[in-house]
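Worksheet: one structure, shown below.
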Amino acid sequence: MAPAGGRAFLVVLDSVGCGGAPDAAAFGDEGANTLGHIAQACAEGRANDGREGLLRLPNLDRLGLGAAVRLASGTVMPGLEAVPQGLWGAAEKGSPGKDTPPGHRELAGVPVPWDWTYFPDTTPAFPADLVAEVCRLAGTEGILGNCHASGVPIIEAHCEAHLRTGWPICYTSADSVFQIAAHEEAFGLDRLLQLCRDLAPFLHARKVGRVIARPFTGSCGNFKRTANRKDFAIAPPAATLLDWVSGAGRATHAIGKIGDIFSMRGIGALHKGKSDADLFEHLVRLGGEAEPGSLTFANFVEFDTLYGHPRDVSGYARALEWFDAALPRFLSQLRPGDLAIFTADHGNDPTFRGTEHTRERVPVIGYGLGLKPIGLRGFVDVGASVADHLGVGAEGPGRSFL
């Protein structure tokens, strides 16, 4: 338990996995290793677009990142061989799925007890009654897409038809998700958000994890997806770390899409931004301003969305190096008794086949407690440990590693 007033910062680097999941083959992901393969690509000169040489993450490595990857998967990351000075270990997921909701819920101490619903057919992807419900709610005669796709290509393929007909562009992936892309002006941002909001209960009842609004602007051939994305996620099945902390009368801060992921449950203040750089400024500010005994829960999504799914190895490496170089600004704001934990929710190996998330273990490294090896743990142990640090009761199955 922290000294009175000690704070906790739980920071999720979205998709920054480290291989080694014992059940990876069951998900078609045997051999995936996001961090390990990025480091190898850098060492071999295959990630030199906008950067060059070995992957340089001295601050994260000093805490124990390289050691965590070696523990999780046996992979030696060239250039990340420091002797750990912080809390370090790795965690593996127990819940089904390799998407954002199960990863974050489990990190917050609550495993997901059900099997998620997916759309296995690639084209058409959706059952007729779902298509009919979207049309009814949108007031259109049809939808576009109706397939497995990535966000930019599906908009490129259907932009002209969308602007001509007003039909929403609907697509999915290997995850339990239903995504709707629409033009912010021609279709209307408020209309898109309301469509997703109204559709969400229909899909949540079927155990589809998220409905995601994907707005864009501009003209066909020159469009841009905007920062007004919004996730409508199925509610957690039980009280999470955020509920435990807020229920104890403590302040809670959510940075990025944490509010969407947890359906705003247990969240006192929400801090959004147009980019991970904006979100990092919130993290630095809260490092200086967050209340004694508070929890700050952050998600940095661009590792996943901008570099993992598009399979951009150089971009992923640049993003990791940017975060590492910025990290001392945040750590310098922390006070005695504070704990900062850096982890991930799943993998998204940019060297792997396909464009989807990958089932991997994740690193768990921390600052504030000195050297503390924690070994291989479950995701749920992260939430239990943060609760232990803050001195609030943990109601889930996790065990504290503090």
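Please specify each residue of the range 89-128 satisfying the condition of being touching a strand residue (DSSP E or B) at 6+ places or on another chain (Cβ under 9 Å) and of a type in the set (Phe, Trp, Tyr). Answer for the range 89-128, where residues must be touching a strand residue (DSSP E or B) at 6+ places or on another chain (Cβ under 9 Å) and of a type in the set (Phe, Trp, Tyr): 118, 119, 126. Go through 207, 224, 274 for me and flag whichever is closer than 21 Å to residue 116 by Cα and either buried (at least 23 other Cβ atoms within 10 Å of the Cβ) or not aromatic (Phe, Trp, Tyr) (or both). So the residue among 207, 224, 274 that is closer than 21 Å to residue 116 by Cα and either buried (at least 23 other Cβ atoms within 10 Å of the Cβ) or not aromatic (Phe, Trp, Tyr) (or both) is 207.
Entry remark, the range 263-277: residues being more than 22 Å from residue 192 (Cβ to Cβ) and outside any strand (DSSP E or B) number 6 in total. When the range 311-349 is filtered for residues that are of a type outside the set (A, V, I, L, M), part of a loop (DSSP other than H, G, I, E, B) and under 15 Å from the mean Cα position of the chain (by Cα), the ones remaining, listed by number, are 345, 346, 348, 349.
For the structure I just gave you, tell me whether residue 107 is under 29 Å from residue 10 (Cβ atoms) and either within 27 Å of the chain's Cα centre (by Cα) or not hydrophobic (A, V, I, L, M, F, W, C) (or both). Yes. Checked against (1) in contact with a helix residue (DSSP H, G or I) (Cβ under 8 Å, 6 or more places away or on another chain); (2) surrounded by 18 or more Cβ atoms within 10 Å (Cβ to Cβ), residue 119 passes all but condition (1).
Determine whether the range 71-81 contains at least one residue that is under 24 Å from residue 381 (Cβ atoms) and either without any contact (Cβ under 8 Å) to a residue 12 or more places away in the chain or in contact with a His (Cβ under 6 Å, 6 or more places away or on another chain) (or both). No, every residue in the range 71-81 fails to be under 24 Å from residue 381 (Cβ atoms) and either without any contact (Cβ under 8 Å) to a residue 12 or more places away in the chain or in contact with a His (Cβ under 6 Å, 6 or more places away or on another chain) (or both).
Within the range 173-187, the only residue that satisfies the criterion of being polar (S, T, N, Q) and at pLDDT 95 or above is 179.
Okay, residues lined up against (1) touching a strand residue (DSSP E or B) at 6+ places or on another chain (Cβ under 8 Å); (2) under 18 Å from residue 255 (Cα atoms):
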{"residue": "314", "(1), (2)": "no, no"}
{"residue": "334", "(1), (2)": "yes, yes"}
{"residue": "344", "(1), (2)": "yes, yes"}
{"residue": "381", "(1), (2)": "yes, no"}
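If I filter the range 230-248 for residues that are more than 25 Å from residue 396 (Cβ to Cβ) and not in a helix (DSSP H, G or I), do I get at least one hit? Within the range 230-248 (the criterion being more than 25 Å from residue 396 (Cβ to Cβ) and not in a helix (DSSP H, G or I)), the answer is yes, since at least one residue qualifies.
For the range 53-67, the count of residues that are closer than 18 Å to residue 316 by Cβ and either hydroxyl-bearing (Ser, Thr, Tyr) or at pLDDT below 95 (or both) is zero. If you go through the range 225-241 one residue at a time, do you hit one that is of a type in the set (Ser, Thr, Tyr), touching a Phe, Trp or Tyr at 6+ places or on another chain (Cβ under 9 Å) and more than 18 Å from residue 109 (Cβ to Cβ)? Looking for residues that are of a type in the set (Ser, Thr, Tyr), touching a Phe, Trp or Tyr at 6+ places or on another chain (Cβ under 9 Å) and more than 18 Å from residue 109 (Cβ to Cβ), one finds at least one in the range 225-241, hence yes.
The values are calculated or read from the model by the stated rules, or taken from the named source; none is laboratory data. Please read all numbers here as calculations on a predicted model, not as lab measurements. Note: ideal-geometry Cβ built from the backbone for every residue, glycine included; neighbour counts use all protein chains shown.
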